[in-house]
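Q: Supplied in structure tokens, the structure appears directly below.
The values are calculated or read from the model by the stated rules, or taken from the named source; none is laboratory data. What you see is a predicted model; the values in this text were computed from it and never measured. Cβ sites come from the backbone with ideal geometry, for glycine too, and all protein chains shown count toward neighbours. Surface accessibility is based on the protein's heavy atoms, side chains included, excluding ligands, DNA and RNA. Shrake-Rupley method; radii C 1.70, N 1.55, O 1.52, S 1.80 Å.
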Amino acid sequence: MESTEIYRKPSKRIAAVLGLFFQPLGMLYVARPGWAAVYFSLAVIVGLGNMLLLPGRELAGGAIALLLGVICAIHSYRLARDFRELLRRPWYSRWYGLVGIIAAFAVLVFAARAFLFEPFRFPSASMAPTIEPRAHLIVRKWGYGNYGTYGIHVMRTVMSSEVRRGDIVVFEYPEDRTVTYAKRVVGLPGDRISYFNKKLKINDEEVQTRRIADYVHKSRPIVSRQYLERLGEHEYAILIEPDAPAGVSIVKAFPYRERCAYTAEGLSCRVPEGHYFVLGDNRDNSSDSRIWGFVPAIDIIGKVQYVLQ
């Protein structure tokens, strides 16, 4: 005997709540998969718009998302109210179908973030002008062997993607692996890195720079000298403060500390195997390998693929 549950009208209250907080689910609950696809697309557009067009304007982005939720809640409520009593409800509009859809979507999102791409929010000015404070980073993770997301480590494997000089990588901070950093790789395993009087040398060859227009910080009315630097295929801007000290004032104890020599003018290091030397593009306002040492390959999460300012 067929259950009467599949013919029961959807609850107007549940439809409104689902429509307010989970727009596609609200439409699936009232058996409108086409509208579910429309609201899902709108939610994606709103999310991307908040990242691309409204960075740093969380209130405006939240207001747009709330407006979309209210519209969908009203829409879902009316569809539930007008639902025909004898209309058979498909599987995806019943509780077990919705739970299954939520679970499948959660698994897909988790897997995509853990193994493919993951967004990060960059909080500081240490990578300016390349990465502004509060910019969104899209990080490519496959091939780097450190897989996980939401604070959950899934697995660690041997790195299969090549890390090149000039790449910006996201990694676990060596002193606290719950914290993630993003810096530019300047030294590969076996390289000799020197940074004296604010001049970078790799294997005794000076990295060429040329001065360009001064940089005005967006977050504060300060002007910094700006230079173009090139490493391999990467050409990027760096900031130098002429009045800042050339040497490193605070050096922490770190593994392979004996491979580095410090003076008042700077430092030189031999990068150990399985490690990398990283710097911030905002050279005089960056906590990086000069202070806390080398980045182990196993701590690299992925390579920054896109920067959304």
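Q: Considering each residue of the stretch 15-30, count those that are part of a loop (DSSP other than H, G, I, E, B), open to solvent by 20 Å² or more (accessible area, probe 1.4 Å) and closer than 12 Å to Leu79 by Cβ, and give that number.
A: Selection size over the stretch 15-30: 0.
Q: Here is a further query. Anything in the stretch 98-151 that is of a type in the set (S, T, N, Q) and not in a strand (DSSP E or B)? List them, or say none.
A: If the condition is that a residue be of a type in the set (S, T, N, Q) and not in a strand (DSSP E or B), then Ser124, Ser126, Thr130 are the ones that fit.
Q: A follow-up question, please. Given the options Lys201, Lys218, name the one that is of a type outside the set (Ser, Thr, Tyr), open to solvent by 40 Å² or more (accessible area, probe 1.4 Å) and closer than 23 Å to Pro133 by Cβ.
A: Checking each option against the conditions leaves just Lys218.
Q: Take the stretch 242-287 and flag every residue that is open to solvent by 40 Å² or more (accessible area, probe 1.4 Å), part of a loop (DSSP other than H, G, I, E, B) and among the charged types (D, E, K, R).
A: Asp243, Lys252, Glu265, Glu273
Q: Just the residues that are of a type in the set (D, E, K, R) and outside any strand (DSSP E or B), please, taken from the stretch 224-241. Full working, then the answer.
A: First, the residues of the stretch 224-241 that are of a type in the set (D, E, K, R): 225, 229-230, 233, 235, 241.
Glu233, Glu241 - these are the residues of the stretch 224-241 that are of a type in the set (D, E, K, R) and outside any strand (DSSP E or B).
Q: Another one. Taking the options Val170, Val207, name whichever one is free of Cβ contacts under 8 Å to residues at least 60 places away in the same chain and either among the aromatic types (Phe, Trp, Tyr) or in contact with a strand residue (DSSP E or B) (Cβ under 7 Å, 6 or more places away or on another chain) (or both). Step through it out loud before you land on a result.
A: Details: Val170 fails: free of Cβ contacts under 8 Å to residues at least 60 places away in the same chain.
Val207 is the lone residue from the list that is free of Cβ contacts under 8 Å to residues at least 60 places away in the same chain and either among the aromatic types (Phe, Trp, Tyr) or in contact with a strand residue (DSSP E or B) (Cβ under 7 Å, 6 or more places away or on another chain) (or both).
Q: With respect to Arg134, is the statement that it is touching a residue at least 60 places away in the same chain (Cβ under 8 Å), under 24 Å from Ser224 (Cα atoms), under 17 Å from the mean Cα position of the chain (by Cα) and open to solvent by 70 Å² or more (accessible area, probe 1.4 Å) true? Walk me through how you get there before you give the answer.
A: Numbers: touching a residue at least 60 places away in the same chain (Cβ under 8 Å): yes; under 24 Å from Ser224 (Cα atoms): yes; under 17 Å from the mean Cα position of the chain (by Cα): yes; open to solvent by 70 Å² or more (accessible area, probe 1.4 Å): yes.
Yes: the conditions hold for Arg134.
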